[in-house]
Amino acid sequence: MNYTLHQLQIFLKVVKTQSITKAAEELHLTQPAVSIQLRNFQDQFDVPLTEIVGRKLYVTDFGQEIAQVAQTIIQQVETINYKTRAYKGQLSGRLKVTIVSTGKYVMPYFLADFVKKNVGIDLQMDVTNKSRVLSSLENNEVDFALVSVLPSGLNVDQLDLMQNRLYLVANSNLKLKRGADSSSIFTDMPLIFREKGSGTRQVMEEFIHSNGIFIPKKMELTSNEAVKQAVIAGIGCSIMPLIGIKNELLNHELQIIPYAGLPVTTTWSLIWPKGKKHSPVATSFLNYMRKERDNIVSKKFSWSEGY
C-alpha cells in the first residue's frame, strides 16, 4: 500500500461530512480533486470504504474502521510535529475555537497576531450555528467558543471582548412615507429573521416581544450573509449586528433606520466550561486575550463608535 497523509485527511473529512461536496468546501479543494484522491485511496483496498445509495454517500463498516486508524495516524503525525516545535522552544499544539456565524467578523482579529507570533500553533476555527457551537462546548471538543448571547443551562467561564450592537437595517434606496414613523416599515415589507436557535434571532424576538411590535410579514433565512444579501436586494428589512454590515454601510448599499429602543446591545464573549483544564496553547491564548483585548478593540473596531 502507498497511501499519503493527504489522502488520509481527505478520507477523514469525507467520513465526517458524509459528502464529497461538503468535504471539498471545508478543505478548500475542488470536488473533482477530492473525488480523485478518494478513488486513489479506495484503489488500495479490496473492500469498499464508501457506497452510494440513492445519490447519498455512506461510509461502510470497513470504512469506519479505516477512518479510526487514519485518525490515529494523523494524530501521531501531529504529535511528532508538536514535539519537534517544542524541542526548538516554540509554543506548539492545536488551538480549537468554535464561533457562531456572525463571529466570523470578530474572532479573526483577536486571533491574527497571536497565531503570527506562535508559528508552531495549528488553529482550528469552526464557524457554525449556535446549536453546534454549544454542542461542541458541552462535549469538550473545543478550547473556546465565541457567542454574543450567553447560553442558559451551561456552567461556563467567560471573557467579555466587545459590544455587539444590533440595528434595524434596510436597503439604502428605501424612503419612508412622509410623516410616517419608522414602525411603518414593518407593514411595507417583511422582517427577515435568522433561523431558530440563532443568537441574533433570539435578540430580535426578545426586542419585538418586549416592545409589543406587530410583525405582519416575516421571512426566515439560514445565515447572516443570506439575510444581508436579501436586505440589499430590497426583499425585506432586518435587525442585524453592526459588525457584519460595515462595508455595506460605507458603500451605501444599506442604511440604518432609526427606531425607538435600538440598538439592542449584547456582548461578544469567549466562553469555556467552568473548571476546564486548558492546554498550554489555550492558556497562552487566554492570557494574550486578557492582555491585548482592549488594544485590539481600539485598533480594529473603533469605526463602530461612529454609529
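The values are calculated or read from the model by the stated rules, or taken from the named source; none is laboratory data. Predicted model, so just to flag it, every value in this text is computed and none were measured. Cβ: placed from backbone, ideal geometry, glycine included. Neighbour counts: every protein chain shown. SASA here: full protein model, heavy atoms, side chains in, ligands and nucleic acids out. Shrake-Rupley method; radii C 1.70, N 1.55, O 1.52, S 1.80 Å.
In the stretch 135-159, which residues are among the aliphatic types (A, V, I, L, M) and touching a Pro at 6+ places or on another chain (Cβ under 7 Å)? Step through it out loud before you land on a result.
The first filter runs over the stretch 135-159 and keeps only residues among the aliphatic types (A, V, I, L, M), leaving 137, 142, 145-147, 149-150, 154, 156, 159.
Result: LEU137, VAL156.
How about the stretch 7-62: which of its residues are touching a residue at least 40 places away in the same chain (Cβ under 8 Å) and not in a loop (DSSP other than H, G, I, E, B)?
Residues satisfying the conditions are LEU8, GLN9, PHE11, LEU12, VAL14, VAL15, LEU57, TYR58, VAL59.
Please go through (1) loosely packed, with under 14 Cβ neighbours inside 10 Å; (2) touching a Lys or Arg at 6+ places or on another chain (Cβ under 9 Å) for PHE144 and return the number of the only condition it doesn't satisfy.
Single failed check for PHE144: (1).
Is one or more of the residues making up the stretch 117-138 surrounded by fewer than 21 Cβ atoms within 10 Å (Cβ to Cβ), under 11 Å from the mean Cα position of the chain (by Cα) and aliphatic (A, V, I, L, M)?
yes
Provide a single number: the residues in the stretch 250-307 that are part of a helix (DSSP H, G or I), more than 30 Å from GLY236 (Cα to Cα) and of a type in the set (A, V, I, L, M).
Adding up the residues that qualify gives 6.
Which one of these is under 30 Å from ASN139 (Cα atoms) and either open to solvent by less than 70 Å² (accessible area, probe 1.4 Å) or over 22 Å from the mean Cα position of the chain (by Cα) (or both): GLY244, GLY306? I'd like the intermediate steps shown before the answer.
Details: GLY306 fails: under 30 Å from ASN139 (Cα atoms).
Exactly one residue qualifies, and that residue is GLY244.
Looking only at the stretch 249-284, which residues are modelled with pLDDT under 95 and under 20 Å from the mean Cα position of the chain (by Cα)?
Listed by number, the residues that qualify are PRO273, ALA282.
Taking ASN247 and the conditions (1) in a loop (DSSP other than H, G, I, E, B); (2) free of Cβ contacts under 8 Å to residues at least 12 places away in the same chain, which numbered condition does it fall short on, given that it satisfies the others?
Condition (1) is where ASN247 drops out.
Would you call ILE74 surrounded by 17 or more Cβ atoms within 10 Å (Cβ to Cβ) and either of a type outside the set (S, T, N, Q) or farther than 26 Å from VAL142 by Cα (or both)?
Numbers: surrounded by 17 or more Cβ atoms within 10 Å (Cβ to Cβ): no; either of a type outside the set (S, T, N, Q) or farther than 26 Å from VAL142 by Cα (or both): yes.
Spelling it out, it is not the case that ILE74 is surrounded by 17 or more Cβ atoms within 10 Å (Cβ to Cβ) and either of a type outside the set (S, T, N, Q) or farther than 26 Å from VAL142 by Cα (or both).
For the stretch 1-60, give me each residue that is of a type in the set (Ser, Thr, Tyr), open to solvent by less than 70 Å² (accessible area, probe 1.4 Å) and closer than 24 Å to ASP126 by Cα.
Step one: of the stretch 1-60, the residues of a type in the set (Ser, Thr, Tyr) are 3-4, 17, 19, 21, 30, 35, 50, 58, 60.
After this cut, where a residue has to be open to solvent by less than 70 Å² (accessible area, probe 1.4 Å) as well, the list is 4, 17, 19, 21, 35, 50, 60.
If the condition is that a residue be of a type in the set (Ser, Thr, Tyr), open to solvent by less than 70 Å² (accessible area, probe 1.4 Å) and closer than 24 Å to ASP126 by Cα, then THR17, SER19, THR21, SER35 are the ones that fit.
Of all the residues that make up the stretch 115-152, how many are in a strand (DSSP E or B) and either free of Cβ contacts under 8 Å to residues at least 40 places away in the same chain or of a type in the set (D, E, K, R) (or both)? Walk me through how you get there before you give the answer.
Taking the stretch 115-152 and keeping what is in a strand (DSSP E or B), we get 121-128, 144-147.
Those left that are additionally either free of Cβ contacts under 8 Å to residues at least 40 places away in the same chain or of a type in the set (D, E, K, R) (or both): 122-128.
Going through the stretch 115-152 one residue at a time, the tally reaches 7.
What are the residues in the stretch 164-221 that are within 20 Å of the chain's Cα centre (by Cα), open to solvent by 20 Å² or more (accessible area, probe 1.4 Å) and touching a residue at least 40 places away in the same chain (Cβ under 8 Å), if any?
The answer is ARG165, GLU195, GLY197, GLN202.
Give me a count of the residues in the stretch 183-218 that are in contact with an Asp or Glu (Cβ under 7 Å, 6 or more places away or on another chain) and part of a loop (DSSP other than H, G, I, E, B).
1
Taking the stated definitions as given, is ALA112 in a helix (DSSP H, G or I), open to solvent by less than 70 Å² (accessible area, probe 1.4 Å) and touching a residue at least 24 places away in the same chain (Cβ under 8 Å)? Walk me through it before giving the result.
Working: in a helix (DSSP H, G or I): yes; open to solvent by less than 70 Å² (accessible area, probe 1.4 Å): yes; touching a residue at least 24 places away in the same chain (Cβ under 8 Å): no.
In short, no.
Could we say that PRO280 is touching a helix residue (DSSP H, G or I) at 6+ places or on another chain (Cβ under 7 Å), farther than 28 Å from SER152 by Cα and surrounded by fewer than 17 Cβ atoms within 10 Å (Cβ to Cβ) here?
Taking the combined requirement at face value, the residue does not satisfy it.
Taking LEU154, is it open to solvent by 60 Å² or more (accessible area, probe 1.4 Å) and either over 30 Å from PRO258 (Cβ atoms) or among the hydroxyl-bearing types (Ser, Thr, Tyr) (or both)?
Values: open to solvent by 60 Å² or more (accessible area, probe 1.4 Å): no; either over 30 Å from PRO258 (Cβ atoms) or among the hydroxyl-bearing types (Ser, Thr, Tyr) (or both): yes.
Spelling it out, it is not the case that LEU154 is open to solvent by 60 Å² or more (accessible area, probe 1.4 Å) and either over 30 Å from PRO258 (Cβ atoms) or among the hydroxyl-bearing types (Ser, Thr, Tyr) (or both).
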